[in-house]
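These notes are about the structure you will find just below.
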Amino acid sequence: MSDEYLTIKEASVGEFRDRGSKFIAYAFPISSEQDWPPHLEALRKEHPKATHHCFAFRLGLDKNNYRANDDGEPSGTAGRPILGQIDSFGLTNVFIVVVRYFGGTLLGTSGLINAYRLCAADALEKAEIIEKTVEDFYRITFDYAIMSDVMNAIKKLGLPMLEQDFGDLGKVTIAIPKSEVADALFKLKAWVAGMRLEEALNLEKVPGLDIEQIK
């Protein structure tokens, strides 16, 4: 499974109107199931007179975590078309709510599907789509005697240093693509220890070096 995925950079809004009904789509980037309920609650408070607050989300690299809710519209006419647009754009970690103000004229099943689909699409078309990488973060603490070896190993691996702290001990925070963690940490320890990779297969601890995973 790839570490990269497409999502939206920040919240965006789209609109659609049909025979008096007004649809407003709000798209949000999310990272967990705890992220979407506050957005929905806020929109219910912002639009208390709306007749429906329909939504869908998809989460995760495997895209198996999803939900579609019609909020009182005929089954399959709202949540599924919204989710379909998330999928059509190839996105994950996205939550979309479409708020509907009823205009007095029934749109029928096909009309509702079209309205929710086009409204969600408008929000995503206005969003900035970005590629993100799933990474694990590690804090490396080291004695200054091996500082050059640590820095050279990190540079050789091409890993970004997010933070640096040079107090009593040296500390750097690095980000590693999730699928590369085991290989990267193995090579880091081997190179800091001055060993060839085939010699370091049973290497567990390097004197003066501590590696800790952080959130």
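The values are calculated or read from the model by the stated rules, or taken from the named source; none is laboratory data. These numbers were taken from a predicted model, which means no experiment stands behind them. A quick note on method: Cβ atoms are made from the backbone with ideal geometry, for glycine too, and the neighbour counts reach across all protein chains shown. These area figures cover heavy atoms from the full protein model, side chains too; ligands, DNA and RNA do not enter into them. Shrake-Rupley method; radii C 1.70, N 1.55, O 1.52, S 1.80 Å.
Among the conditions (1) without any contact (Cβ under 8 Å) to a residue 40 or more places away in the chain; (2) part of a loop (DSSP other than H, G, I, E, B), G104 misses just one, which is (1). When D62 is tested against (1) of a type outside the set (S, T, Y); (2) modelled with pLDDT of 95 or more; (3) farther than 29 Å from S110 by Cβ; (4) open to solvent by 70 Å² or more (accessible area, probe 1.4 Å), just one condition goes unmet, and that condition is (2). Inside segment 111-147, can you point out the residues that are among the β-branched types (V, I, T) and part of a helix (DSSP H, G or I)? Residues satisfying the conditions are I113, I146.
Among the residues of segment 19-32, the ones that are open to solvent by 20 Å² or more (accessible area, probe 1.4 Å) and modelled with pLDDT of 95 or more come to 4 in all.
Selection of first residues in segment 187-207 that are under 13 Å from L157 (Cβ atoms) and of second residues that are in a loop (DSSP other than H, G, I, E, B) and open to solvent by less than 90 Å² (accessible area, probe 1.4 Å), restricted to Cβ pairs under 8 Å at least 6 apart or on distinct chains, gives the following pairs, ordered by first then second residue: K189/A200; K189/L203; K189/V206; A190/A200; A190/L203; V192/V206. A Cβ distance below 9 Å, combined with a sequence gap of six or more or placement on separate chains, defines the contacts here; from segment 64-77, residues that are within 17 Å of V97 (Cβ to Cβ) reach residues that are surrounded by fewer than 14 Cβ atoms within 10 Å (Cβ to Cβ) and of a type in the set (S, T, Y) in the pairs T77/T109; T77/S110.
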